[in-house]
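This report concerns only the one structure given below.
The values are calculated or read from the model by the stated rules, or taken from the named source; none is laboratory data. Keep in mind it's a predicted model, so treat the numbers as computed, not measured. Reconstructed Cβ throughout: ideal geometry from the backbone, glycine too, with neighbour counts over all protein chains shown.
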Amino acid sequence: MAQADREPLITLQHAPDEQKLSRITVYVLGALVLLAPLPFGSVQGPWWQLVCGVAIGLSLLWLLRAVQLRDSTAVFPPTPFEIPTATFVPFFIIPAIHLLQLIPLPRFFLRLIAPGTEGFLYAVGVQSKFAPITLVPDETVRALLLSTACAAVLVMAAKGVAKRNQLMALFVVFILGGVFQSIYGMSERFSGHNYVLWYPKVAYLESATGTFISRNHFAAVLEMALGASFGMIVYRIIRSRDSKTHRSWGLQERVIVHAVGGLLILGGLMASLSRAGIAVALLSLICVGVGLGVVHSRRSTIMAVAVLLIGTLGFAFWIGAQPLAERIDQLPEEMTEETGRFAVWKNTSAAYQEFLLLGSGGGTYEQVFYRFRSNNIPWRYDHAHNEFLEDRVETGILGVLARIAGLFAAFVTIGRLMSMRRSRLARALAIGGLVGCSAVVLHALFDFPWRNPAVALQFHILLGLTLAAASRRIETEKIRVKRRRHRSSSSRGSR
């Protein structure tokens with residue numbers, strides 16, 4: 001028997017209710033991917049409450065269904081290559097820290113675990129005997145809802161998407177969302193219509209931002225869409241090369257369609273003029289694509305990388321290399337000047353001792369930075385432009401370690417499961433997900449993508465889908481046929 005046939009095969013007879021719930025999950029996840037970026041990245045008013053409420057409500061629906069059936073495997077079907085539960089635990093530690101930050105604690109205990117908060121309360125004259133760790137409870141409530149929603153959609157995407165067509169459909173949704181954002185952003189930039197939907201733009205007038213306020217958040221969404229497009233291109237190239245002649249033309253057309261989508265996404269990324277976004281997207285694309293192509297002797301991955309890189313150069317010349325070159329030339333000055341990002345990071349590190357264990361509260365970086373900034377920085381910063389440094393301030397050393405441990409566990413699990421897989425679709429989609437997720441993680445070293453609700457939810461959905469692609473059996477029909485034929489032939493031989 002072939003080696004691929006020895007993969008464990010799990011067949012479940014899903015009840016109609018579970019199939020319906022699985023479809024609802026796919027629809028809700030797809031809607032979050034497409035619709036969350038539309039209202040300015042869901043950063044204002046009721047929009048972030050709506051998207052977080054939908055994500056948390058979906059997770060509660062799954063939980064209630066599992067309790068009702070008293071069997072979690074009926075709701076979350078087991079996978080041939082099971083994802084360890086420990087992979088998800090760090091992602092739930094962060095909302096647990098936010099919840100703890102909202103609990104009123106005795107002032108003497110607060111003085112021990114959060115001396116920075118105690119000093120802040122003393123400075124403003126608060127005399128109450130109990131106080132929470134957070135400096136701004138409303139902002140921490142918002143951070144709690146967002147972190148809970150992100151952890152919930154991660155589990156839903158990794159454990160609730162069970163079928164091959166559902167997995168592919170959600171990757172296509174990522175591509176469609178990226179193509180829309182790219183076309184809309186480029187049309188705004190090149191037409192001179194400097195509006196985000198119906199609001200006039202007041203910043204980033206020279207850049208494409210799509211429906212986002214910030215070009216960096218726009219670039220982060222395109223990075224994930226580019227990864228999804230890359231995965232589909234790799235899979236379609238493999239299928240078109242391996243298929244017979246009478247089917248290869250239709251598959252080659254699909255390769256072209258996905259390649260055009262990827263090139264449109266690259267065009268929007270170049271038009272954003274986001275230096276970090278462009279650099280990390282191309283870096284992750286080259287490292288993951290070429291690396292896996294060489295290791296597994298797959299020319300298809302190298303071909304896909306070559307197509308997208310050639311498209312990048314073409315779009316760079318079409319958009320004009322001068323604006324991007326000017327942005328790159330400004331980088332050394334911006335990083336080294338007394339008011340640049342290095343100075344901001346240095347001032348941020350001054351707050352570590354004051355908020356060592358549990359931080360200052362989710363969403364309170366602006367208040368902390370205002371207290372510790374030097375006189376050389378004349379303006380306020382509401383974000384550190386480095387997710388991990390901002391986590392260190394807002395959630396303490398426990399929070400930043402939980403963030404790093406969660407990402408490390410997820411990427412190691414994906415790599416380990418991919419090494420065990422022989423499914424072409426599983427490997428291709430997992431490669432695409434790795435490209436998109438690794439680009440956003442690298443981008444987080446220079447910006448704050450996870451503070452935007454739309455970007456944060458999309459990232460955790462894509463990470464969950466990548467885990468699902470690496471763990472689930474999605475090409476079982478052929479193996480069932482082979483095994484039945486093997487049994488039937490052996491029974492005839494015994495006769």
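Within segment 160-179, the set of residues being surrounded by fewer than 24 Cβ atoms within 10 Å (Cβ to Cβ), of a type outside the set (A, V, I, L, M) and in contact (Cβ under 8 Å) with a residue 40 or more places away in the chain comprises Lys163, Arg164, Gln166. Residue count for segment 214-234, restricted to those that are assigned to a helix (DSSP H, G or I) and farther than 11 Å from Ala428 by Cβ: 14. If the condition is being surrounded by 13 or more Cβ atoms within 10 Å (Cβ to Cβ) and at pLDDT 50 or above, then segment 1-26 contributes Asp17, Glu18, Leu21, Ser22, Ile24, Thr25, Val26.
Taken over segment 177-202, the criterion of being closer than 25 Å to Phe459 by Cα and either polar (S, T, N, Q) or not in a helix (DSSP H, G or I) (or both) is satisfied by Gln181, Ser182, Val196, Leu197. Only one entry of Ser360, Ser374 meets the criterion of being surrounded by fewer than 16 Cβ atoms within 10 Å (Cβ to Cβ) and not aromatic (Phe, Trp, Tyr), and that entry is Ser374.
Gly359 meets each of the listed conditions (1) at negative phi; (2) modelled with pLDDT of 80 or more; (3) in a loop (DSSP other than H, G, I, E, B); (4) not acidic (Asp, Glu) apart from (1). On inspection, Ile133 passes the criterion of being assigned to a loop (DSSP other than H, G, I, E, B) and crowded, with 21+ Cβ neighbours inside 10 Å. The helices (runs of 4 or more DSSP H) found wholly in segment 396-476 and carrying at least 1 residues that are free of Cβ contacts under 8 Å to residues at least 60 places away in the same chain and closer than 23 Å to Leu145 by Cα occupy 396-420, 424-443. Taking residues in segment 113-129 that are in contact (Cβ under 8 Å) with a residue 24 or more places away in the chain, and partners anywhere that are hydroxyl-bearing (Ser, Thr, Tyr) and in a loop (DSSP other than H, G, I, E, B), the pairs with Cβ atoms closer than 8 Å and at least 6 places apart or on different chains are Ala114/Ser360; Gly116/Ser360; Thr117/Thr134; Thr117/Ser360. Restricting the first member to segment 355-377 and to residues that are without any contact (Cβ under 8 Å) to a residue 40 or more places away in the chain and among the β-branched types (Val, Ile, Thr), and the second to residues that are surrounded by fewer than 22 Cβ atoms within 10 Å (Cβ to Cβ) and in a loop (DSSP other than H, G, I, E, B), the beta-carbon pairs closer than 6 Å and six or more apart or on different chains are Ile377/Thr339.
In segment 109-126, is there at least one residue being surrounded by 15 or more Cβ atoms within 10 Å (Cβ to Cβ) and not in a helix (DSSP H, G or I)? Within segment 109-126, one or more residues are surrounded by 15 or more Cβ atoms within 10 Å (Cβ to Cβ) and not in a helix (DSSP H, G or I).
Tell me yes or no: at least one residue of segment 296-303 is more than 27 Å from the chain's Cα centre (by Cα) and at pLDDT 60 or above. Scanning segment 296-303 turns up no residue that is more than 27 Å from the chain's Cα centre (by Cα) and at pLDDT 60 or above.
Residue-by-condition table, conditions (1) at pLDDT 75 or above; (2) polar (S, T, N, Q); (3) buried (at least 24 other Cβ atoms within 10 Å of the Cβ):
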{"position": "Val393", "(1), (2), (3)": "yes, no, yes"}
{"position": "Phe411", "(1), (2), (3)": "yes, no, no"}
{"position": "Leu429", "(1), (2), (3)": "yes, no, yes"}
{"position": "Ser438", "(1), (2), (3)": "yes, yes, no"}
{"position": "Ala470", "(1), (2), (3)": "yes, no, yes"}
{"position": "His486", "(1), (2), (3)": "no, no, no"}
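More than 17 Å from the chain's Cα centre (by Cα), at pLDDT below 90, farther than 30 Å from Arg424 by Cβ and among the aliphatic types (A, V, I, L, M): does that describe Ala208? Considered against the rule, which asks whether it is more than 17 Å from the chain's Cα centre (by Cα), at pLDDT below 90, farther than 30 Å from Arg424 by Cβ and among the aliphatic types (A, V, I, L, M), Ala208 comes out as yes.
Total residues in segment 372-395 satisfying the condition of being within 22 Å of Thr148 (Cβ to Cβ) and in a helix (DSSP H, G or I): the figure is 7.
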